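Here is the structure we will look at, set down as structure tokens.
Laboratory data are not the source of any read-out in this text; all were calculated from the coordinates shown. Owing to the predicted nature of the structure, the values given are computational and were not obtained by experimental measurement. No Cβ is skipped: glycine too gets one built from the backbone with ideal geometry, and neighbour counts run over all protein chains shown.
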Amino acid sequence: MMQLPLLPTIDAALNLLALILLIIGYYRIRCGHRQSHRRFMIAAFIVSILFLAVYVTHHVTAEEKKFTGQGLIRPVYFFILLTHIVLAATVPLLALRTIYLAAQGRLDSHRKIARVTFPIWVYVSITGIAVYVMLFLLEPLFPAGT
């Protein structure tokens, strides 16, 4: 299988960028700046689409990296991974619906679903970065048992 070792790092960077854009977008709407909020949230969505393209490319072209850490870190890793996967599956649908409602000018409905979409999207971004850090950077600190 072809190996593209930088793809997980690129994905983590895209997750971080999406997180930053989401937080700035949230801050902009809290300050009453709708157009700026709109631009940041659309940018976060585009970055998330890029993330998904890189993620799929990585998983099609590389062998799966298994977490081999032992001890307390193991259940922590799998809890983070499981909640990340389950909630990540909801983000595209929630984000599309949230964007659609805003584009239709249905701002009350947009606000209601955004109150659900935003924290889930932020959590998925943070846990995506955490999974990367644990799997690729910290795992050597938690070697497999003998």
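May I ask you to list pairs of residues, at least six apart or on different chains, whose Cβ atoms are under 9 Å apart, with the first in region 83-106 being closer than 19 Å to residue 39 by Cβ and the second being part of a loop (DSSP other than H, G, I, E, B)?
The qualifying pairs are 100/106.
Would region 111-134 turn up any residue that is among the hydroxyl-bearing types (Ser, Thr, Tyr) and over 24 Å from residue 9 (Cα atoms)? Show your work before the answer.
Here is the first cut: in region 111-134, the ones among the hydroxyl-bearing types (Ser, Thr, Tyr) are 117, 123, 125, 127, 132.
Right, trim to over 24 Å from residue 9 (Cα atoms) and you get 117.
For region 111-134, residues among the hydroxyl-bearing types (Ser, Thr, Tyr) and over 24 Å from residue 9 (Cα atoms): present.
What residue, of 120, 126, 80, is more than 12 Å from the chain's Cα centre (by Cα), in a helix (DSSP H, G or I) and either surrounded by 15 or more Cβ atoms within 10 Å (Cβ to Cβ) or touching a residue at least 24 places away in the same chain (Cβ under 8 Å) (or both)?
80
Among the residues that make up region 99-113, is at least one of them surrounded by 16 or more Cβ atoms within 10 Å (Cβ to Cβ) and of a type in the set (S, T, N, Q)?
Pass one, region 99-113, residues surrounded by 16 or more Cβ atoms within 10 Å (Cβ to Cβ): 99, 101-102, 110, 113.
With the extra rule that they be of a type in the set (S, T, N, Q), the set shrinks to none.
No, every residue in region 99-113 fails to be surrounded by 16 or more Cβ atoms within 10 Å (Cβ to Cβ) and of a type in the set (S, T, N, Q).
May I ask you to list the residues in region 57-77 that are in contact (Cβ under 8 Å) with a residue 60 or more places away in the chain and of a type in the set (Val, Ile, Thr)?
61, 68, 73 - these are the residues of region 57-77 that are in contact (Cβ under 8 Å) with a residue 60 or more places away in the chain and of a type in the set (Val, Ile, Thr).
Quick one: how many residues across region 5-57 are at negative phi and not in a helix (DSSP H, G or I)?
Result for region 5-57: 4.
Can you work out which of the residues in region 60-77 that are surrounded by 12 or more Cβ atoms within 10 Å (Cβ to Cβ) and not small (Gly, Ala, Ser) is nearest to the chain's Cα centre (by Cα)?
77
Taking region 24-59 only, how many residues are surrounded by 15 or more Cβ atoms within 10 Å (Cβ to Cβ) and either among the basic types (Lys, Arg) or more than 24 Å from residue 90 (Cβ to Cβ) (or both)?
4
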